[in-house]
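I have placed the structure first, in the form of structure tokens, so that the comments after it can refer back to it.
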Amino acid sequence: IFDARAVSERLKFIPTPLKQGYFTYDYDGLKITNIKWINDEDGYIKIYKDKNTTLKYCIGGDTAGDGSDYFVGQVLSNNGEQVAVLRHQMDADLYAKQMYCLGKYYNEALLAIEVNFDSFPIRELERLNYWNMYIREQNDTFTGAIKKAHGFRTDMFTRPRIISQLVEIVRESTYLFNDKSTLEEMLTFVRNEKGRAEAQQGAHDDLIMALAIAYAAIKQIPQTMTHESVEDDEQSFFEYGG
């Protein structure tokens, strides 16, 4: 699916993580406080570029499901660069709390987490009052009215579109990607006998799907960091023609 030559070439020049670890925090059953970063060479969060106060960020999330054993978070700056990756086998509530901390760390990043297989992380983030989450429109099955909900849903319409968009970005701007595991996953992402894009047998696609979701959601980064704003960022990646 992806340009194997471009991906293989990028793998020769990827940076080592700036730091690796995870977040600790205090949790009283209602809210998270006292968030701290812990350096750990075996940690499940890899940071390639630290937060920049002049940038805004978007985090795409893929929950463990559809053959995947991992919860994933892909962090993009609003110029489209992959700056951090979370990938770990964990319980859904702990994933939600790490994503909460990761979002707070990256300037209260926009969180866009898939809701197909497990909506609990989104519900937990709502309960924790994390305000900056991706908003999708959906039809009310009873009234036919359009209503808004948090979380990204991949379906027969959105999945091919976001994958095709990612294929183009990888082909044209491979320099944006810094994570070895993500690039390696691209090399095992193929079309099956029915033409569906998916991980080949024995491989995973959780990093790819989280990345595709992040790029799909990046236009919803708010111009101003307020609870009400869901407008597009004036300097988003796609407005640069990326």
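The values are calculated or read from the model by the stated rules, or taken from the named source; none is laboratory data. It should be emphasised that the depicted structure is a prediction, and the values quoted were computed from it without experimental measurement. Here Cβ is always computed from backbone atoms with ideal geometry, including for glycine, and neighbour counts include all displayed protein chains. Areas reflect the complete protein model, heavy atoms only, side chains present, ligands, DNA and RNA absent. Shrake-Rupley method; radii C 1.70, N 1.55, O 1.52, S 1.80 Å.
Values computed for the structure shown
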{"read-out": "In segment 139-177, the residues that are assigned to a helix (DSSP H, G or I) and more than 20 Å from residue 10 (Cβ to Cβ)", "value": "158, 159, 160, 161, 162"}
{"read-out": "Residue within segment 120-138 that is outside any loop (DSSP other than H, G, I, E, B), of a type in the set (Asp, Glu) and in contact (Cβ under 8 Å) with a residue 24 or more places away in the chain present", "value": "yes"}
{"read-out": "Among (1) open to solvent by less than 10 Å² (accessible area, probe 1.4 Å); (2) aromatic (Phe, Trp, Tyr); (3) over 26 Å from residue 18 (Cα atoms), the one test that residue 120 misses", "value": "(1)"}
{"read-out": "For residue 87: the one exception among (1) part of a strand (DSSP E or B); (2) touching a Gly at 6+ places or on another chain (Cβ under 6 Å); (3) open to solvent by 60 Å² or more (accessible area, probe 1.4 Å)", "value": "(2)"}
{"read-out": "Of all residues making up segment 93-114, the number that are open to solvent by less than 10 Å² (accessible area, probe 1.4 Å) and outside any helix (DSSP H, G or I)", "value": "7"}
{"read-out": "Members of segment 4-49 that are part of a loop (DSSP other than H, G, I, E, B) and open to solvent by less than 60 Å² (accessible area, probe 1.4 Å)", "value": "14, 15, 17, 29, 40, 43, 44, 48"}
{"read-out": "Of the criteria (1) at pLDDT 95 or above; (2) open to solvent by 50 Å² or more (accessible area, probe 1.4 Å), which one residue 69 fails", "value": "(1)"}
